[in-house]
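Every number here is computed from the coordinates shown, using simple stated rules; none is lab data. For clarity, every value in this text was computed on a predicted model and none was experimentally measured. Because the Cβ atoms are built from the backbone with ideal geometry, glycine has one as well, and the counts that use them run over all protein chains shown.
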Amino acid sequence: MEKFSLTIHNKINCNEDLAWHREVKFVIHHNNATNECTNEMKLLFVSKKFVIINQISGLQGSNSISNQLLTYNKNHKFFNYPDCLQRNKLYYKFENDLYIDVDKEGFWTNEKINPKHFDNHVLNLFESKNLSVNAFILGVEVYLNINPHAIQLIGYHKEASNVTISFNALSNYYEAFTKLPLNDNEVNIQIGMQALKEANNKVASKIFKKLCEKKNENLKNLMHIHTPEEKVRAYLERNDVTYLGKNEFGEYIVEICKRTEGEVIYSNHQVGNICFNYLPVKTKNGKLMFSDNDNYLHHFSESKKCGEVVSEETFQNNFSYYEDKGDSFYEMFSNWIMKKLHLYDRTIKLGWWSFRLQKFKNVIIFFVVIICIILSIPTIYIGHKLGIFEAIFSICKWIHENVGEYYDIITDTLRCFNFKNLKKPEQVPLNEVNV
């Protein structure tokens, strides 16, 4: 199954003044399970602290989430490059195992245009004529700012990468945006850069504030969540993931659930004479798993021997016979052990083990008692030889003789102040008083 690492960051300052610039790059997702990469062309807003994936609504294949706020992984200098990444580029790692070769150090600080901010697949779409590099890149960015859907040509139709957007179209969009012609005039280029800088910062800051407030609200909700799995699901706002542990950098290792085909569904929550809290499902490969209310399967569910008679009505209404009340010590202890194992490693297949623990309850208790008796014989013998029991008896006798007297005094004193036990004197009726 697909895995990725996740860092849950601290609260973000949503009012921070950040300098944003536009980039168009392939966002690469690395699948840890298969060690394969998939990429998708995205419009990005980049700053020194964050990256925004600017998802344009209406694009074919676009995700339901319109924009995503990514935070640079603080351990990006130490991660091992996946084999599928190019070695001649500096990639930054983000949550959900995303990798992007962005210009983190700043675009506007040097007051120059960097052609590396745009993937070559994008630049090849445009006709440049005899423009200088600065003028051409500026024209491309202005065009994409006004007509971001052009990214669809390369983002979702890679076979159309030889399509050329004419110089006239590029020039017309630039002139509409800056009121200036697109040429190599340095003054026009500087004016265009300033207009583009203001436009990018205005749009990106608005998107950032909205995404930031949403993230902070998520973090606030996490304060009331205790288990790592619930935290991961709440932070990602998805239920199809499970928590596996942490890596050497303290990041959460998250696994995405995969679809499983069931062979038998025990709709009455009962396997044999054992009832489960979650709905038991026997998969085609023979595993016993348990479905929660959202139809996600788990390797563990609390169990106990069924105490009710199965009626046709409860069977048809798919009621569970599992009740938390009246659990024996054995059932509570065995469920506690299994739950701890499940929380330690959620990939451990505990389904049939938990079933057998309840099914052979009497046999297990019998053997445990026999083992305890066998172990108690040498323990008592060794304790007697070492004088341990005599020492314990002497300590108890000393406590009784020295503390017992004070205990009686204290209890007698407290009893004197127990006003609830004091009875009111009975009043004699006046007609019964002797004269």
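What the table below lists for this structure:
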read-out	value
Gain in span if fully extended, I225 to N239, counting 0.36 nm per residue against the direct Cα distance	3.6 nm
Placed amide H near G245: partners under 5 Å, 5+ positions off or other chain	I253
Inter-probe distance in nm under a simple model that places probes 7 Å from Cα toward Cβ, at A176 and E36	4.1 nm
W336 paired with V133, simple spin-label distance in nm, labels 7 Å along Cα-to-beta-carbon	6.9 nm
Gain upon complete extension [T379, N362; 0.36 nm per residue less C-alpha separation]	3.6 nm
Sequence ranges 282-292, 9-19, ranked by mean other-Cβ count within 10 angstrom, highest first	282-292, 9-19
Amide H within-cut-off set for K304, under 5 Å, with H built and near neighbours excluded	C275
